Structures are given as C-alpha cells and as structure tokens.
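I have placed the structure first, in the form of structure tokens, so that the comments after it can refer back to it.
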Amino acid sequence: MAKLETDSKLVQDYAFGFTTEIEDDQIPMGLNEDIIRMISDKKNEPDWMRAFRLKAFRHWLTMTEPKWAFLDYPEIDFQDICYYSAPRKPGEGDDVDPELARTFERLGIPMNERDRLSGVAVDVVFDSVSVGTTHQELLEEKGIIFCSFSEAIQEHPDLVQQYMGMVVPYKDNYYAALNAAVFTDGSFCFIPKGVKCPVELSTYFRINAENTGQFERTLVICEEDAYCSYIEGCTAPARDTNQLHAAVVELVTLDRAEIKYSTVQNWFAGDEEGKGGIYNFVTKRGLCRGAHSKISWTQVEVGSAITWKYPSCILEGDHSTGEFYSVAFTNNRMQADTGTKMIHVGKNTSSTIISKGISAGKSDNSYRGLVQILPSADHAKNYSACDSMLVGPDCSANTFPYIESENDTAVVAHEATTSSISEDQLFYLRSRGISEEDAASLVVKGFCKEVFKKLPMEFSVEAVKLLELKLEGSIG
Amino acid sequence: MNKELIICDLHVSIDGSPILKGVNLDIKPGEVHALMGPNGSGKSTLSSVLMGHPAYEVTKGSITFGGEDLLDLAPEERARLGMFLAFQYPVAIPGVNVSKFLKSAADAIHPDGKVNATDFLKDLRANMAYLEMDAAFANRGLNEGFSGGEKKRMEILQMLTLKPHLAIMDETDSGLDIDALRVVSKGVNKLMDEPFSLLVITHYERILEYLKPKFLHILMDGRVVLSGGPELVKQLEEKGYDWVKEAAAKQQSAAV
C-alpha cells in the first residue's frame, strides 16, 4: 500500500514516519486457532503458554467489541491483520542487523552497548519481537531480570506463570483477551526483594511492517522494598491504512515496593483528514498488592488516530498509593478517550489523579475516570483534578468522572475545568515581545507542567519538545 | 532614535460599538503624561489599543511610534519597538515560571534575539531586590496566586527587565497600599535615568506626586476634552468631573 504523500505538513512533522526496508518473516493474515498455534510454534513456547493463548482466544470469540467510549471508527476486520511479523535475521547486540541499527539510531535509540544511553537500559521491540536489551551485566549483578517477554517465558517460566494475568486476566476485556491470544513480545522486569533498580528501564516499541498489528505484553514486578522506574516510548511509520495496537501492561508491587511507569506515546496519528494512523487499545493496570506500596502512572499521549487507554491501580495493600498523571494532546481528526481507574480495597489507601487534556483542530478528547471505594477501604482518600484546554473552535473536550463510594469514611475530591486558550493570556505574553505561537506554546506547556515534572528528567525535556512540535501550526 | 508617540483622531470600536471618538495625543521622548477621566471614558481601551489588543477595531485615525505606523504591527512587534503596557488586571499564566518567562521576553525584545544568561540573572536579582520582592517569586508561576499588590510589582519588574522607551501604566496604582505605591513609583523612576516616556492612567492624585507628570489630559466619552499642566490635578480633586465639562466647553468656545 502506498505511503502517505509527503507534502502533507503533518506527515513531514512526524519525524518518525519512515519505513525500514528489511526482510520480514510473516505468517499469513487472519485469526484462528491455527494462527495462534503458528505464533506459539514460531516462539517455541511451552505447552502451558500455548494453552493460555488458546483459552484466551476461545473466550475472545464469545465477547463483543466495547462501544461505550466516546470514539467513532469503522469496524475493525480482525481477519485482515497479520499477527506476527519479525525481521528475518535481527542479530543481537553488536551484531544487530545494520538496517535495524540505523532505524533505531534515527529514532535516537542506540542499540549496541558501546553507544548505549547512560542511565537507561533499553529493550527494543520491532514489530512482533524484541531485538535486544542493553545493560544486561549491570542488572544481573543486582539480580534484576529485564528481558523480552519471550525470553522470560523460556528462562523464567515460574515467575511468568505466577504473575501473568494476575492483574489483567485474559477475560478482563475484549482487547485484553485478544492480546492474551496473540501477543508476540514485550518486556519483562523483575526486581527482587530490597533492590532499588539503579537505571531507568525502558522499552521502545516500533511498528514497521504494513497490515501488522502490534500486541505486546509487559509485566513489571517489584518484590518487597524494591523500586524501579520504567519508561515506554512508541512510534510507527506514516501509512494511509490504520494499524491496530492492543497492548497489556501489568504491574505488581509487594510490601513497600514502588513502580513509576512513564509513557510517551507518539504513534502515527494519521494525516489532517484523518487518513491512516494507529488504533491504540491498551489495558494497563497495576496491583498494589503489598502494604505501603505505590504505583505511579505518568503518560504523555500525543499520537494515535484512536486512543482507548485507562492505566489503573488496584490498591489492595493497606496504606498503598496510586497516582495517575496524564497529558493527552489531540489534533486534526484524532480521538482520545483516556483516563484511569482507582480501585480502593485496602485501608488508608490514597490516590491522586491529575489529567490535562488539550484538544486542537477537529479532534475529540475525553477524560474517563472511575474512583471506586470498596466497603473494606476505611479512610481511603482520592483527589482528582481534570482540566481540559481547547485550542480553536472546532475541537471538543469531555469529562466523564465516575465515583462509587461504599465506605462512609472515605474522602473523595474531584475538580474539573474546561477553558479555551484565552485571548487575554496570549495578548499579555505577546505584549512582552513573545510571538503568538511561542505564547500559545508557553500557555500549553504551563498547563501541563504538573504532569511533565513527574517524568524522569531527560524524558521530560523530550516530552516538552514533542508537544511543541505537535502544537506548531495548530494555533491561530 | 526619536521615539515619539503620535495619536491622531483615533476612533475605536469593540463589537461594533464606538468607544474612542477622535483621540489626539502626542508624547515626546522623556515626557511624562497623565491621563485621567471618569469610569467608562475609554482609558483602558486606549491602553489596549496602543498595545494592539486584537479585540478592538480601529475605525479611523492613526497611531505612530518613532515614525512607524503601529496599526500595522502585532503586539509583539510593538513590544520590540520599545513599548510596554503595565496591565490593570494582569492575567495569571499557570505553570509558566516567572524567570523563564522574563528570559523569553528579554530574548524576544533583544535585537540579537538573545540576552546573556548570566547578566540577565544578575539584573533580575538586582531588580527584584530594588522592588523589595522576595527572590522566591522568580520561581513561581506567572501571577499565579499573586495578590493584587504582588501582581502590580510583577508588572514593574517586567518593565525594569525590558527597559522600554515608552510605558503605559493602566491604573497601576489602583488597590495599592502606601508602601506598595512607593515601591512601584521608585521602580518607574529608576527608568527615568534613561530617555523614557510614560503615560500614566489613574484615578488618583497620589501616584502623580511620585511620578510628576508635566502634562495632564482628561478623557471623557472617548475624547480628550481638556489638557493642561500639573495644576489641573488640584482643580480636578477639588471640583470633580462636572467642572471639567464646563471648562472643556469654555476651552472649545474660546478656540472657535
């Protein structure tokens, strides 16, 4: 299929929209039990894994696509997707396929150990497979496991069997069931008792092949008193067909453990008329299983034609804490329905939700959130602030907050605002010599600051730059 | 360069209704002018229009600054020519750090597009100390949670940072206590060391005692109806705007 005309400004601005010419190993299009067995064979999986997939697939067949989100897109033909595509000879470490190495160099992700990013260990997922993980020696010393999901299935089957599906069971929802049936790779992190991971753990997801869906699964476990900060980045080539991305992320923290999970999602969003782009249906959930444990989600969502994503926390351990900090920017014809769920189970659990939605162009941007206080959650606390900013007259912003409290000792506070980027603010800044575009960019960045400052340092700088780039041309 | 402001027969409307109906005013470099007038006479409209607020429509007349036609210029271009407006109600820009904002503004105004970061910080600290401001303000969100007095000081801090050739102060003194008024005036007077002209819009005599304008104008119903020297202030305080109407009528009939 043809690539998008490169004279479209949007496509030019999307610096990640190039394609890598590489020989692929693909299975036939379509979805049935044979395809699932084929995936499982390709990955040389043990029987229990294959059984898990088939069970999930059979369940998925009984489910229907959820339609409650504020999203409008044509029916997805699940038979018209290729569920496995991998570079034929990816190579490893310093022997990685030069074409692949060049791709990730262009994306700013050096793959060989020599040029590796200091302070960040990276797992790189290209289409359906992981093509390398850096910093292995340092991590091994600490007893940290950070590898591709496929490798974890082979090397750490007990851990995978113990935790996979604990937070997001295969029956959870339509896309989670689909993912459980066809997922091909992803990252696995295990931080043992008492270990504070000394580097940022990061996965970079790249969709390359056409008509391919990416279905990755990530599992992060922090045992008692362990800590890690995990970063996820995503890009895809600019194509005029829609591609499906349906991931599952599960996080588990035991007593006093903490996971900080940050995402910058910049999948191709389609062109100005809404042609092409990624359909992003993602289930992300963390389980604060232990007392005094903490899970913090920070997301900067600036890509995808459709975003359906609610990173959530189940606060099971007493005194556990869940946080959700989000910036969602939509432009042109993009549609985002995103938010979080905070499920309070344990006593004295607390959660914070800070959501900043910015809509420009003809886009729709919705916050959807649930705060649920179960009868057992004495003295639970939640604070939610959901702010929306409209840039231009043709976009929309919606807020759908749900609060279900079954315990009278709970304290739940919700604030929401919707504002247009104000003429008075722009005039004020312009009267100081700052151009209209820079003034708008300052106002928007200020609006998002509370969330950006939660990101790891270098990542935060990148996120600000990315947002600036996305804002260009959407003002005035 | 001769940065003279000339306002000639200026007519301005907002949403189709006329506010200014033929304003004439001439401010030469180094001059301090005061503009007074009852509520609703068009004072704030004039200040917004001088700075180029997009909501106002100039239907007739001209404004030039140093020979440049301001009506062709965007607010940021006017600022780069050396104009400055101290707002009556400065807006808050949440999350935008004061010192970073001031640096962006100073860079934008500077002919080279960039000021030296070390010098900038040194000046900023000195200016804040001069305005008796807590250094912590530099790291707060711009006007975010500021009291009325703090916002006005922030306006003067911006003025000291950007060193304009012409400043318009739109009721900067309203709502200020004696100490804040003294500090604000001290800040403005510091700029007078350099060639600097000023248009002070106010309701009160007090700030004029500090800033000592040589020229005073009274705006009523969209026109400058009376102009004179400092002696006008006293008369206005004593006799109010009704007297102005009569005096204006006399001045006009004398002119005819």
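Could you grab me the full set of residues in segment B:192-224 that are of a type in the set (A, V, I, L, M) and in a helix (DSSP H, G or I)?
Passing the criteria: B:ILE207, B:LEU208, B:LEU211.
Listed here are the residues, each with its yes/no results for (1) surrounded by fewer than 22 Cβ atoms within 10 Å (Cβ to Cβ); (2) closer than 16 Å to B:ALA92 by Cβ; (3) within 14 Å of chain B (Cβ to nearest Cβ).
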site	(1), (2), (3)
A:SER422	yes, yes, yes
A:SER435	yes, no, yes
A:ASP438	yes, no, yes
A:LEU442	no, yes, yes
A:MET457	yes, no, no
A:LEU467	yes, no, yes
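When you go through (1) surrounded by fewer than 19 Cβ atoms within 10 Å (Cβ to Cβ); (2) more than 13 Å from every other protein chain (Cβ to nearest Cβ); (3) in contact (Cβ under 8 Å) with a residue 24 or more places away in the chain one by one for B:PRO94, which number turns out not to apply?
(2)
Mind counting the residues in segment A:350-371 that are within 24 Å of A:LYS453 (Cα to Cα) and basic (Lys, Arg)?
So the count comes out to 2.
Taking A:ASP387 and the conditions (1) modelled with pLDDT of 90 or more; (2) surrounded by 19 or more Cβ atoms within 10 Å (Cβ to Cβ); (3) more than 10 Å from every other protein chain (Cβ to nearest Cβ), which numbered condition does it fall short on, given that it satisfies the others?
With (1) modelled with pLDDT of 90 or more; (2) surrounded by 19 or more Cβ atoms within 10 Å (Cβ to Cβ); (3) more than 10 Å from every other protein chain (Cβ to nearest Cβ) applied to A:ASP387, the lone miss is (3).
Within segment B:66-76, identify whether any single residue is among the charged types (D, E, K, R) and crowded, with 19+ Cβ neighbours inside 10 Å, and answer yes or no.
yes
Condition check ((1) under 30 Å from B:ILE168 (Cβ atoms); (2) touching a Phe, Trp or Tyr at 6+ places or on another chain (Cβ under 7 Å)) across all residues:
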residue: A:LYS341; (1), (2): no, yes
residue: A:SER350; (1), (2): no, no
residue: A:GLY361; (1), (2): no, no
residue: A:ARG368; (1), (2): no, yes
residue: A:CYS395; (1), (2): no, no
residue: A:ASN398; (1), (2): no, yes
residue: A:GLY433; (1), (2): yes, no
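Given the condition out of contact with any strand residue (DSSP E or B) (no Cβ under 8 Å at 6 or more places or on another chain), among the acidic types (Asp, Glu) and assigned to a strand (DSSP E or B), answer yes or no: does some residue in segment B:50-65 qualify?
Checking segment B:50-65: not a single residue is out of contact with any strand residue (DSSP E or B) (no Cβ under 8 Å at 6 or more places or on another chain), among the acidic types (Asp, Glu) and assigned to a strand (DSSP E or B).
Just the residues that are in contact with a Gly (Cβ under 9 Å, 6 or more places away or on another chain) and surrounded by fewer than 17 Cβ atoms within 10 Å (Cβ to Cβ), please, taken from segment B:111-133.
B:TYR130
Given the conditions (1) in a loop (DSSP other than H, G, I, E, B); (2) closer than 21 Å to A:THR20 by Cβ; (3) of a type in the set (Asp, Glu), report the number of the one that A:GLU232 does not fulfil.
(1)
Per-residue answers, yes or no, for (1) among the aliphatic types (A, V, I, L, M); (2) crowded, with 16+ Cβ neighbours inside 10 Å:
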residue: B:ASP193; (1), (2): no, no
residue: B:ARG206; (1), (2): no, no
residue: B:PRO213; (1), (2): no, yes
residue: B:GLY228; (1), (2): no, no
residue: B:LEU232; (1), (2): yes, yes
residue: B:LYS239; (1), (2): no, no
residue: B:VAL244; (1), (2): yes, yes
residue: B:GLN251; (1), (2): no, no
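Within segment B:138-146, identify whether any single residue is part of a helix (DSSP H, G or I), polar (S, T, N, Q), closer than 26 Å to B:GLU77 by Cα and within 12 Å of chain A (Cβ to nearest Cβ), and answer yes or no.
So far as segment B:138-146 goes, no, none of its residues is part of a helix (DSSP H, G or I), polar (S, T, N, Q), closer than 26 Å to B:GLU77 by Cα and within 12 Å of chain A (Cβ to nearest Cβ).
Let's see how each residue does on (1) in contact with a helix residue (DSSP H, G or I) (Cβ under 9 Å, 6 or more places away or on another chain); (2) surrounded by 14 or more Cβ atoms within 10 Å (Cβ to Cβ); (3) modelled with pLDDT of 80 or more; (4) not in a loop (DSSP other than H, G, I, E, B):
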| residue | (1), (2), (3), (4) |
| --- | --- |
| A:ASN44 | yes, no, yes, no |
| A:MET49 | yes, yes, yes, yes |
| A:LYS55 | yes, yes, yes, yes |
| A:MET63 | yes, yes, yes, no |
| A:GLN79 | no, no, yes, yes |
| A:PRO90 | yes, yes, no, no |
| A:LEU100 | no, yes, no, yes |
| A:ASN112 | yes, yes, no, no |
| A:LEU117 | yes, yes, no, no |
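Of B:LYS3, B:LYS21, which residue is surrounded by fewer than 21 Cβ atoms within 10 Å (Cβ to Cβ) and either more than 9 Å from chain A (Cβ to nearest Cβ) or in a strand (DSSP E or B) (or both)?
B:LYS21
If I filter segment B:66-91 down to residues being in a strand (DSSP E or B) and touching a residue at least 12 places away in the same chain (Cβ under 8 Å), which single residue comes out as farthest from the other protein chains (Cβ to nearest Cβ)?
B:GLU68
Kindly provide the set of residues from segment A:343-360 that are part of a strand (DSSP E or B) and of a type in the set (Ser, Thr, Tyr), ordered by number.
Matches in segment A:343-360: A:SER350, A:SER351, A:THR352, A:SER355, A:SER359.
For segment A:190-218, what are the residues that are among the hydrophobic types (A, V, I, L, M, F, W, C) and at pLDDT below 95?
Matches in segment A:190-218: A:CYS197, A:VAL199, A:LEU201, A:PHE205, A:ILE207, A:ALA209, A:PHE215.
When residues of segment A:372-395 are filtered for being touching a residue at least 40 places away in the same chain (Cβ under 8 Å) and more than 22 Å from A:CYS448 (Cβ to Cβ), how many remain?
2
Any chance you could count how many residues in segment A:269-294 are in a strand (DSSP E or B) and of a type in the set (A, V, I, L, M)?
Number satisfying all stated conditions: 3.
What are the pairs, 6+ residues apart or on separate chains, where a residue within segment B:162-175 that is more than 14 Å from chain A (Cβ to nearest Cβ) and over 17 Å from B:LEU25 (Cβ atoms) has its Cβ under 8 Å from a residue that is β-branched (Val, Ile, Thr) and assigned to a loop (DSSP other than H, G, I, E, B)?
B:GLU171/B:THR202; B:THR172/B:THR202; B:ASP173/B:THR202; B:SER174/B:THR202
For segment A:308-338, give me each residue that is in a strand (DSSP E or B) and closer than 17 Å to A:GLN372 by Cβ.
Residues satisfying the conditions are A:SER312, A:CYS313, A:ILE314, A:LEU315, A:THR321, A:GLY322, A:GLU323, A:PHE324.
If only one of A:THR218, A:THR263, A:THR241, A:THR298 is buried (at least 22 other Cβ atoms within 10 Å of the Cβ) and within 23 Å of A:PRO66 (Cα to Cα), which one is it?
Just one listed residue meets the conditions, A:THR218.
The values are calculated or read from the model by the stated rules, or taken from the named source; none is laboratory data. This one's a predicted model, so the numbers in the text were calculated from it and none came from an experiment. We place every Cβ from the backbone using ideal geometry, glycine too, and count neighbours over all the protein chains shown.
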